[in-house]
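Inspection log for the structure reproduced underneath, given as structure tokens.
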Amino acid sequence: MLIRDAEVFGSGRMDVRTRGGVIVECATGLVRLPGEDEINAAGGWLLPGLHDHHIHLRSLAATYESVPLGPPQVRTATELAARLREIDRKLKPGKWIRGTGYHESVAGPLDRAALDRIVPHRPVRVQHRTGVLWQLNSMACDLVDLDSNDAPGVERDETGRPTGRLRRLDSWLGERIDSRTTDLAAVSVAAAAMGITGFTDATPGLAQADIDQLAETVDAGRIVQRVHCMAPPEVYEPDGARFTLGPTKIVLDDFDLPAFDEFADRLRVIHAAGRSVAVHCVTRVQFILTMAALDSAGVRAGDRIEHGAVIPYESLDWLRGQHISVVTQPHFVVERAEQYRAEVPAEDLPDLWRLRSLLDAGVGVAAGSDAPFGAPDPWSVLRAAVHRPPEFHAAEGVSLLAALSLFFGASDTPATPRRITPGAVADLTLLSVPPDQAAHHLDAELVSATIVAGELVYSGQ
């Protein structure tokens with residue numbers, strides 16, 4: 001493929017040739033070779049392909065058949081009941097209602113009794129906006145045989161009966177509803193139209209069957225992007241040019257934090273198996289515990305912090321010195337502004353969703369959407385990173401070039417931006433306009449072509 005007359009990110013106006021999935025030439029005046037596909041960029045901005053470094057692919061695909069049940073679509077208990085009953089009327093008998101995005105500000109904590117009062121005759125499951133919690137009605141509890149599950153994540157009332165609230169039991173629930181049948185092709189198509197050339201799936205605790213199924217989806221071309229998948233150390237990597245395994249995801253919850261020695265030992269075991277760790281940290285206590293445990297267990301190249309919602313200023317030197325990257329979500333200060341205004345303690349606000357201060361301190365930073373728990377559109381992330389809301393420390397905003405670079409890292413080195421240069425993998429995102437115009441209109445509609453391994457997977461022409 002020959003891309004002619006592009007404004008190449010970081011290099012200026014030139015032509016770019018790819019062959020065998022790799023960039024082979026970057027120069028002016030390149031001549032089209034026989035049989036070579038050609039794209040006339042007409043001065044459009046050519047970027048390293050955008051890689052979403054934190055996403056949940058199956059959960060995102062499932063939202064295509066889900067109903068949003070939280071703000072801004074649903075804000076009151078009356079609206080919640082009306083929405084559930086409306087969906088109930090439209091579905092065939094026996095079909096599940098799958099709700100997403102619920103937050104307690106709508107109607108307080110949900111449980112089976114609350115859902116039974118609205119829809120008792122159809123299985124209902126509602127996911128909390130954080131993704132931590134599922135809330136089931138009684139029919140759903142019976143269908144998945146919830147009584148048989150004695151895991152700590154199953155909440156029970158004073159009589160020992162499950163309340164329908166399941167914490168961190170996505171895999172268990174998915175196995176009983178056969179969630180692996182979800183078609184990921186629509187997610188891939190939508191992502192390609194937004195310029196995304198790769199994903200890092202951050203779903204914790206995937207089994208070998210989950211990994212194999214995801215790799216087969218990539219190999220069959222239903223996902224056209226590269227996929228880097230977090231996985232436990234015992235999982236082996238299937239064959240496939242565009243599918244790789246990444247670090248082991250560790251999820252921390254304030255309500256059930258592990259004992260320090262137990263946590264440090266777990267890090268040692270994962271490192272000994274040749275894997276890095278990606279630790280979910282969204283509170284101050286989770287971050288401090290992770291720092292201490294890594295100090296004890298030792299840091300392995302590739303260890304990373306997921307989210308980093310609250311990072312104390314005093315820890316920036318530690319992050320830089322330990323070469324630990326932070327994969328963050330700058331758009332959450334926009335999408336969750338109402339919640340943060342109401343719930344975040346004043347002492348945490350200066351440390352909330354750091355961005356520029358991390359980069360200024362020399363900390364490696366990358367970005368991911370966390371979809372479906374955040375918008376899957378990287379352009380909404382870019383807008384939030386550049387135009388930081390004033391109420392959440394506008395000084396944490398960054399330049400457009402710095403924001404774009406958050407998506408340029410390779411899957412295994414997310415904080416090291418790729419460059420468009422001979423020898424680099426030919427994963428590219430072409431915009432229809434030059435840099436100065438793009439800066440004034442950060443939107444997915446600017447994407448005119450998306451290229452993965454030298455193959456055109458989306459064309460906006």
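The values are calculated or read from the model by the stated rules, or taken from the named source; none is laboratory data. Since we're looking at a predicted model, the values are computed, not measured. Don't worry about glycine lacking a Cβ; one is built from the backbone with ideal geometry, like all the others, and counts go over all protein chains shown. Accessible surface is based on the protein model in full, side chains and every heavy atom, while ligands, DNA and RNA are left aside. Shrake-Rupley method; radii C 1.70, N 1.55, O 1.52, S 1.80 Å.
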Checklist entry - When the residues of the stretch 1-24 are filtered to those that are assigned to a strand (DSSP E or B) and open to solvent by 70 Å² or more (accessible area, probe 1.4 Å), which remaining residue is farthest from LEU431 (Cα to Cα)? => result ARG19
Item to check | Spans of helices (runs of 4 or more DSSP H) in the stretch 377-461 with at least 1 residues open to solvent by 10 Å² or more (accessible area, probe 1.4 Å), in contact (Cβ under 8 Å) with a residue 12 or more places away in the chain and under 19 Å from ASN40 (Cα atoms) | outcome: 435-438
Item to check | Residue match in the stretch 159-176 (condition: in contact with a Gly (Cβ under 7 Å, 6 or more places away or on another chain), assigned to a loop (DSSP other than H, G, I, E, B) and either without any contact (Cβ under 8 Å) to a residue 60 or more places away in the chain or open to solvent by 30 Å² or more (accessible area, probe 1.4 Å) (or both)) | outcome: yes
Next on the checklist: Condition first: surrounded by 13 or more Cβ atoms within 10 Å (Cβ to Cβ), charged (D, E, K, R), more than 23 Å from the chain's Cα centre (by Cα) and within 24 Å of PRO68 (Cβ to Cβ). Now tell me which residues in the stretch 117-154 satisfy that.
Outcome noted: ARG122
Next on the checklist: Being open to solvent by less than 20 Å² (accessible area, probe 1.4 Å) and either over 25 Å from TYR458 (Cα atoms) or free of Cβ contacts under 8 Å to residues at least 60 places away in the same chain (or both) is true for just one of PHE255, PHE243. Which residue is that?
Outcome noted: PHE243
Checklist entry - Does GLY70 satisfy being surrounded by 17 or more Cβ atoms within 10 Å (Cβ to Cβ) and in a loop (DSSP other than H, G, I, E, B)? => result yes
Item to check | Sole exception among (1) in contact (Cβ under 8 Å) with a residue 12 or more places away in the chain; (2) among the aliphatic types (A, V, I, L, M); (3) surrounded by fewer than 21 Cβ atoms within 10 Å (Cβ to Cβ) for ALA82, by number | outcome: (1)
Checklist entry - Give me the pairs: first residue in the stretch 350-374 and within 15 Å of LEU319 (Cβ to Cβ) and assigned to a helix (DSSP H, G or I), second residue open to solvent by less than 20 Å² (accessible area, probe 1.4 Å) and small (Gly, Ala, Ser), beta-carbon distance under 8 Å, and six or more apart or on different chains, which are they? => result ARG356/GLY397; LEU358/GLY308
Next on the checklist: Condition first: of a type in the set (Val, Ile, Thr) and either outside any helix (DSSP H, G or I) or farther than 22 Å from GLY362 by Cα (or both). Can you find one or more residues in the stretch 288-298 that meet it?
Outcome noted: no
